[in-house]
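As structure tokens, the structure follows; a few thoughts come after it.
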Amino acid sequence: MPADDVLPWKLLLSKLRRSDDSRVSYDEVLRTGWQPEPLVVRERVLEYGNADDYEPPGCMHGCFPNVNYDLGAAEGLVAVACPEEPPCWPGWMMVPRAEVEALRCRAKDVFTKVAATHRLQPLPKPVPKPFLGVGMTHRRGMNIGVVWLRAPKLGFEQLCRGLRADLGVDGLVVLVATRPPTSLTAADKIVPFELDLDAAGRIGLPRAIEELTPDYRTRVLDEPLLDLDYVHVRLATRPGERHIVEINGQDFGGFRKSDLKFLRFLLLAAARKHGKDDGWLDKSRLRDGSDKDPALNDLRADLGKYDLYGLGEEERKALLRVQRGTGLIRLGVPPENITLDASLADLAFVATTTTTKKDGTKTKPTKKQEEGLQNAATLLRDCRRLGAPGEVEDAKTPAATSRRGRSAP
């Protein structure tokens with residue numbers, strides 16, 4: 001059986017495009033690699049149907065056929081006869097039983113699963129026909145409703161405007177089988193979006209929201225409570241070499257050699273992905289011991305210094321969100337866009353009273369180095385407590401050094 005999160009979405013989508021209540025044969029399900037029972041009992045995207053609605057191949061009348069399950073049962077076959085006169089074929093036609101046995105694919109069941117996949121919340125009220133409610137999400141400072149309307153009808157724009165007003169949402173995504181031409185404008189905050197389920201049942205919601213908010217990349221720079229939800233961040237480390245920060249799949253040049261800068265960025269990422277208060281931390285957690293925010297400024301300087309294709313300098317700096325007057329900061333990337341690699345478990349700090357230079361000689365750490373190493377150990381411990389990979393490591397005294405054998409700053 002396929003993995004639990006990879007349902008036969010291609011089959012389900014083909015059925016939804018034709019009808020909100022379609023027939024699916026056992027044979028069609030079996031060809032996807034699934035057994036029918038889990039799709040009915042566990043996944044609940046299909047229901048048991050009635051064999052009476054089977055339409056044999058070659059039937060010109062579209063009527064319910066006569067079915068005899070006894071004839072051919074030993075061979076796994078079912079006898080089917082056309083009841084019309086003249087019949088479409090003479091006598092009984094033998095077909096595989098799996099082709100006759102039926103399931104029902106209903107839009108309401110499929111979209112319940114889709115809503116769970118996208119973690120959509122229930123809409124504030126039931127939606128009237130011909131729409132089918134899917135769910136609601138809060139994105140880009142907006143409450144966005146998602147509904148299904150397989151075949152847009154006459155007066156589509158008026159129906160959508162009325163529905164958005166009735167639901168009281170800031171924006172509306174209308175999933176359709178085929179996108180129609182419309183007179184809707186950006187001011188309507190309504191996007192008809194052609195449904196195209198991928199292998200995991202995702203509906204391309206981020207692309208629909210991009211259409212709904214074409215000015216977002218400008219607006220996000222001025223509103224610190226908003227996220228750069230088009231940015232993906234991955235943090236990793238390569239023991240003995242350098243730290244790794246990838247932004248939108250590109251190897252970012254900053255934070256590679258500085259334990260402190262990397263750990264501060266990791267702390268913000270871990271807090272956003274696993275922490276409380278939606279990732280907001282007091283800036284004192286960056287452990288710079290100054291009211292002039294040198295740690296925050298250093299992070300912002302590195303983000304502005306190293307170019308990334310498709311992401312401007314102001315956008316890179318805006319990854320550090322600050323609530324003015326509160327002392328609160330966070331990483332401006334939604335939790336689902338943050339990846340903390342398992343290699344981060346290799347980050348650790350051990351007690352030492354000496355540091356090693358490049359030529360191999362050992363020397364006592366300076367006071368500044370001691371403070372840097374203690375701060376690094378504390379930051380790492382905070383990251384562990386917030387769910388970064390690995391075990392909690394207590395800071396030791398009088399100082400600590402990373403396993404890579406170099407100073408933390």
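Across the chain, C-alpha contacts under 8 Å between residues 6 or more apart give a mean separation that, scaled by the residue count, equals a relative contact order of 11 percent.
By the equivalent-ellipsoid construction on the alpha carbon gyration tensor, region 227-311 comes out with semi-axes of 20, 16, 14 Å, ordered largest to smallest. Close amide H partners of R104, meaning residues 5 or more places away or on another chain with modelled amide H under 5 Å apart, are V24, E47, Y48, G49. Computed extension length for A151-R381: 77.3 nm, one decimal, from 0.36 nm per residue of separation with the Cα-Cα distance subtracted. Would you work out if region 93-162 is rounded, prolate or oblate? Take a ≥ b ≥ c from the square roots of the eigenvalues of the alpha-carbon gyration tensor; rounded if a/c is under 1.5, else prolate when a/b is larger than b/c, oblate otherwise. Judged from the Cα gyration tensor, region 93-162 comes out oblate (a/c at least 1.5, b/c at or above a/b). Charged side chains reduced to their Cβ positions (Lys and Arg at +1, Asp and Glu at -1) give region 193-278 a dipole of some 720 debye around its Cα centre.
Largest GNM mean-square fluctuation among G279, G141, G171, using the chain with Cα springs under 10 Å: G141. Compute the Cα gyration tensor for region 142-208, then decide on rounded, prolate or oblate, letting a ≥ b ≥ c be the square roots of its eigenvalues: rounded whenever a/c is under 1.5, prolate when a/b is larger than b/c in the other cases, and oblate in all that remain. Here region 142-208 falls in the oblate category. Comparing V245, F262, L123 along the charge dipole axis of the chain, the residue lying farthest to the positive side is F262, per the Cβ-charge model. Two tests apply to each whole DSSP H helix in the chain, Cα reach of 20 Å or more along its axis and mean Kyte-Doolittle hydropathy of at least 0.0, and the ones passing both are 259-274. Among C160, C383, C59, the largest mean-square fluctuation in a Gaussian network model of the chain, built with springs joining Cα atoms closer than 10 Å, belongs to C59. Using R₀ = 56 Å, calculate the FRET efficiency as 1/(1 + (r/R₀)^6) where r is the Cβ-Cβ separation of N248 and D70; round to 0.05. Efficiency for this residue pair is about 0.35. Mean-square fluctuations from a GNM of the chain, with a 10 angstrom spring cutoff on Cα atoms, peak among G91, G312, G275 at G91. Annotation: extensible slack from K362 through E85 equals 89.7 nm (criterion: 0.36 nm per residue apart, minus Cα-Cα distance). The magnitude of the dipole of the chain, with charges of +1 and -1 set on the Cβ of Lys/Arg and Asp/Glu and taken from the Cα centre, is near 2400 debye.
Taking amide H as placed 1.01 Å from N in the peptide plane, the amide H of T339 sits under 5 Å from that of V233, R234, L235, each at least 5 places away or on another chain. A simple packing score, the average count of other Cβ atoms within 10 Å per residue, orders the peptides 29-36, 264-271 as 264-271, 29-36, with the highest score first.
Where a number appears in this text, it was derived from the coordinates with a stated rule and is not lab data. Predicted, not measured: the structure shown is a model, and the values here were computed from it. Neighbour counts run over all protein chains shown; Cβ positions are idealised from the backbone, glycine included.
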